[in-house]
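Presented below is the structure to which this report refers.
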Ligand SMILES: NC(=O)c1ccc[n+]([C@@H]2O[C@H](COP(=O)([O-])OP(=O)(O)OC[C@H]3O[C@@H](n4cnc5c(N)ncnc54)[C@H](O)[C@@H]3O)[C@@H](O)[C@H]2O)c1
Ligand SMILES: [Zn+2]
C-alpha cells in the first residue's frame with residue numbers, strides 16, 4: 001500500500017493506493033468525522049459500493065446508496081438533479097460527505113453534486129477504474145455534459161480523500177483497462193522518464209494487472225498529475241501539460257462523432273504531436289519510435305477507424321477559435337519531458353494528420 005498527501009487550496013488530503021483497503025477507507029472517514037454520508041455509484045459497480053457502505057457502517061456511520069445508470073449519459077443535469085434530491089432526502093448537511101464509488105463518470109457527477117450541495121460538502125473518491133485512479137479522481141475537476149458539449153457545466157472541487165482499491169480492477173472490462181494506458185503513457189512521455197522504463201520492462205505484468213506493479217504505476221501517475229495541479233489548480237497555464245495528446249485527440253473524438261474512444265483518440269493525438277515535434281525539429285526520431293512502441297504494446301495500435309482528415313482539421317480550428325485564434329500544442333522534447341504553448345504552422349498539422357489517417 002502507498003499513501004500520498006496532496007496539497008490543495010481546500011487543504012491537504014490523502015491518496016491511498018492498495019488492495020482491499022476498506023480499513024484505510026474507514027480510517028479516512030473516521031478522521032473526517034462527517035455528520036452523514038451518501039454514496040453515489042453506478043449500476044455496474046453497485047457491489048463495490050456495497051462493500052464501501054459496509055466498511056463505513058463499521059465506522060459507526062449510517063449511509064445509503066444512490067445508483068445511476070452506468071455510462072456517460074449519467075453525466076447530465078437530469079442525473080445531477082436526482083443526486084441532489086437524494087442528498088436532500090438523506091439530510092446531508094454541511095458537515096456531511098458524498099462518497100463517489102465508480103469511474104470518471106460517477107466521480108465527475110458526484111463531485112459536482114458535492115461542490116454545490118449546501119454550497120459544498122466534502123467528497124471522498126473511491127475510484128474503480130484505472131482511468132479514474134490515475135486521472136479523473138485527482139485534480140478537482142467535476143462536472144456534467146451540456147446538451148451538445150462535453151464537460152460544459154462544472155466546478156473545481158478538491159476531494160477530502162481518495163481511496164484507490166486495486167481489487168476493483170479485477171471486474172473492470174479489459175477494454176476500459178487498456179484504454180487507460182493512453183493516459184499512463186501520456187504521463188510517462190510528457191513528465192516521467194522513469195515511468196517509460198517501467199512500462200517497457202514490466203509490460204507483461206501490467207497487462208495482467210499485477211497488483212504490486214499497478215500500485216507503483218498508479219502512484220507515479222498520481223504524483224505526476226498532482227505536481228502540475230499543485231502549481232496550477234485552475235488551469236491557467238502549466239496544467240496544460242496534461243493535455244499532451246489531447247489537441248488532435250479531442251479533435252478526432254469529435255470528428256468521428258465519438259465513435260473513436262477517448263483512449264484510442266489520445267493515443268492518436270500523442271502520435272500526431274510527436275510527429276509534428278519531429279517535423280519541426282523539436283524531438284528525436286527515437287522519441288517517436290519509443291512512444292509508438294509503448295502505445296502498441298499496451299493495445300493502442302497505430303490504426304484508427306477512417307475519419308476524414310478535413311473534419312479533424314476543422315475540429316482543431318474550432319478549438320482554436322475557442323482559444324482566440326491560437327492552438328497551443330504540447331510538444332514532447334525528450335523522453336519524459338514535454339513543453340506547453342507551442343504554435344505550429346497549420347500546413348504541418350495538416351500534413352501530419354493526413355498521413356496519420358491515411
Ligand atoms: N475530472 C477529470 O479530471 C477527468 C479526467 C479524465 C476523464 N474524466 C471523465 O471520466 C469519464 C470516463 O471515466 P471512466 O473511463 O472511468 O469511465 P466510466 O466511469 O464511465 O466507467 C466505464 C465503465 O466501466 C464500468 N465500471 C467502472 N468500474 C468498474 C469496475 N471496477 N468493475 C466493472 N465495471 C466497472 C462503469 O460502470 C462503466 O460502464 C468521462 O466522463 C471523462 O470525461 C474526468
Ligand atoms: Zn484524457
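Laid out as a table, the results:
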item	result
Order of 79, 306 - criterion: other Cβ atoms within 10 Å of each residue's Cβ, fewest first	306, 79
Which of 133, 213, 1 has the fewest Cβ neighbours within 10 Å, and the rest in rising order	1, 213, 133
Candidates 143, 341, 281, ranked by Gaussian network fluctuation over the chain, Cα under 10 Å, top entry	281
Fraction in percent of alpha-carbon pairs per bin - 5 Å, the range 45-131	3, 15, 27, 28, 20, 7, 1
Fluctuation leader among 115, 261, 343 - the chain, Gaussian network, Cα springs under 10 angstrom	343
If the convex hull is drawn through the Cα atoms of the range 280-323, its volume per residue in Å³	124
Rounded to 5, percent antiparallel among DSSP beta bridges of the chain	35
With Cα atoms, 0 to 90° folded angle of helix 309-322 axis to the chain main axis	60
Quotient of C-alpha Rg and 2.2 N^0.38 Å, computed over the range 242-358	0.96
Structure-based [θ]222 nm, the chain - -39500 (n - 2.57) summed over DSSP H runs of at least 4, per residue, nearest 500	-15000 deg cm²/dmol
Convex hull volume of the chain per residue (C-alpha atoms, cubic angstrom)	118
On Cα atoms only, tilt of 46-58 relative to the major axis of the chain in degrees	40
Neighbour-count ranking [beta-carbon atoms within 10 angstrom, fewest first] of 39, 92	92, 39
Listed residues 230, 314, 55, most fluctuating in the chain (Gaussian network, C-alpha, under 10 Å)	314
Between helix 246-255 and the chain: long-axis angle, C-alpha atoms, 0 to 90°, nearest 10	90
Separation in nanometres of the label points that stand 7 Å from Cα toward Cβ, at residue 73 and residue 118	3.3
Once the Cα gyration tensor of the range 46-201 is diagonalised, semi-axes √(5λ) in Å	27, 19, 14
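Every read-out reported here was derived from the displayed coordinates using simple, explicitly stated rules and does not represent laboratory data. For clarity, every value in this text was computed on a predicted model and none was experimentally measured. With ideal geometry, Cβ positions are generated from the backbone for all residues, glycine too; neighbour counts draw on all protein chains shown.
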